[in-house]
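The values are calculated or read from the model by the stated rules, or taken from the named source; none is laboratory data. Keep in mind that this is a model prediction, so the values were computed, not measured. Using ideal geometry, Cβ is built from the backbone for each residue, glycine included, and neighbour counts are taken over all protein chains shown. Surface areas here come from the heavy atoms of the whole protein model, side chains and all, with no ligands, DNA or RNA. Shrake-Rupley method; radii C 1.70, N 1.55, O 1.52, S 1.80 Å.
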Amino acid sequence: MPSEPAERKSAIRLSVPELRGREWAYLKECLDSTWVSSVGPFVDRFERDVATYVGARHGIATVNGTAALHVALLVAGVRRDDEVLVPALTFIAPANAVRYVGAWPVFVDAEPDYFQMDPAGVEQFLVEGCEQRGGAVVNRASGRRVAAVVVVHLLGHPVNMGPILDVTRRYGLPVIEDATESIGARYQGEMVGHLGDIACFSFNGNKTITTGGGGMILTDRDEWAGRAKYLTTQAKDDPVEYVHGAIGFNYRLTNIQAALGCAQLEMLPDFLEEKRRIAQRYGEALRDTGLRTMSQAPWAHSTFWLYTIRFSGGRQASRGAMRFLADRSIQARPLWQPLHLSPAHAESQPRSCPIAEALSAESLSLPSSVGLTMEQQERVVDEVRAWLSHAMGTADVGGS
Ligand SMILES: *Cc1c(COP(=O)(O)O)cnc(C)c1O
């Protein structure tokens, strides 16, 4: 039988879990103790440890990051028919969570350098598009109350929070951080997840640390934390008599998942070092190609969750490279469809977000798993370079 080409033998995935800590030991504790379900010592410990890690007073574990966002919006006071500012360029979950509470996302364009929500876009919408009416901020075009801003720290890089916090304070709007992609990143030395009023993490399998599936809400506000715990655990007023004071949710994380989380969190500093090393190597190896490599802002300490490159040839180049890499068993992924163009959010206020569109067209995330070996990374780099030489001979222009 003819042997497969070498590159087919081992696929290189975009982002896979790294399970080399005390996961087995902690899972065994769960099984041995029969604490496998939705309460248990690992849940309490994981909440405490993540909160301590980011410097927040409270952590409330949830079944996933999307559920965390849903409840964070509720406790931040977002209600039906309100509006919430959300970046146009992001994974769809935060915009969907806004719809779960019956509110509407207003999409804000990205800045062109770091993929993040543009503070100027937030300010412009509030200053030019809104007015203060009876203590509320009202969108003049829709007549709806603007209730919050969701910032999303994308790809391991923090949003430029200073100007956003300045303007939201002026308007009295709470800031919800979607920090699902960026645990461990810092803005001017401060941890993401502790920059706004309330924050969310995800521990999905593709994130920096994983519980299989899971999430967490972080906040310093005692009252919000209490409300979040209440809503995520079926809103029980009297657990013995089954009296429920509100429509709650079963958004709990299990002790088994939390056990994984405790083991993963112990490894996080190592993982972050590894991620930054991978990013540095990609940066050096691709510097002379004319591709736009990933960088961090002067005020940012990025974790480079997914190392993302940009092709001056736009969609044709980035998707051509993606297919070329896929044929060689290397998984690369484009960024998300900008949400102002998403059929799922077609009923939202039409917005112009040209930077988000350009970034979505021209970008490709490369394999960035913590466990990516030097050899694997060299293979990725070699194949990206091979695609660029190939593209020179065709209509696909890759680098500049
Ligand atoms: C992963 C992710 C989420 C959702 O997290 P889940 O745990 O998968 O529900 C939310 N927002 C962003 C930006 C994400 O990347």
How many Å² of accessible area per residue for the chain, probe 1.4 Å?
-> 43 Å²
Return the sequence-ordered ³J(HN,Hα) values of segment 325-330 in whole Hz as given by the Karplus equation 6.51 cos²θ - 1.76 cosθ + 1.60 applied to θ = phi - 60°, using x for Gly and Pro.
-> 5, 4, 5, 10, 6, 10
Compute the projected area of the convex hull of the Cα atoms of the chain, averaged over all viewing directions, and report it in nm² to one decimal place.
-> 22.5 nm²
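For Arg323 and Asp288, compute 0.36 nm times the residue count separating them, minus their Cα-Cα distance, and round to one decimal in nm. It would help to have the intermediate numbers written out before the result.
On the way: separation 35, 0.36 × 35 = 12.60 nm, distance 2.24 nm.
Residue separation times 0.36 nm, minus the Cα-Cα distance, leaves 10.4 nm.
Rounded to a whole number, what % of the accessible area of the chain do carbon and sulfur atoms account for, probe 1.4 Å?
Working: 8600 of 17000 Å².
Percent of accessible area from carbon and sulfur atoms in the chain: 51.
What dipole magnitude, in Debye to the nearest 20, does segment 270-387 give about its Cα centre under +1 on Lys/Arg Cβ and -1 on Asp/Glu Cβ? It would help to have the intermediate numbers written out before the result.
Details: 15 positive and 13 negative charges, 47 e Å.
So the magnitude is around 220 debye.
What Kirkwood hydrodynamic radius, in Å, does segment 12-119 give when the mean of 1/r is taken over all pairs of distinct Cα atoms and then inverted? If you can, show how the numbers build up before the last one.
Numbers: mean 1/r = 0.0588 Å⁻¹.
Roughly 17.0 Å, rounded to one decimal.
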³J(HN,Hα), Karplus 6.51/-1.76/1.60, whole Hz, each residue of segment 188-193, x for Gly, Pro | 6, x, 9, 5, 5, x
Please work out the FRET efficiency for the pair Trp24 and Val127, using the Cβ-Cβ distance as r and a Förster radius of 60 Å; give the result to the nearest 0.05.
-> 0.65
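Just order 272-282, 307-317 by mean Cβ neighbour count inside 10 Å, highest at the front, would you? It would help to have the intermediate numbers written out before the result.
Working: 272-282: 19.1, 307-317: 20.9.
Packing proxy ranking, top to bottom: 307-317, 272-282.
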Per the rule of 0.36 nm per residue minus the C-alpha distance, extending Thr52 to Tyr171 adds in nm 39.8 nm
Env charge @ Ala332, Cβ radius under 11 Å, K,R +1 / D,E -1, value +4
Taking the radius of gyration and the Kirkwood hydrodynamic radius from Cα positions alone, what is the Rg/Rh ratio for segment 318-400, to two decimal places?
-> 1.08
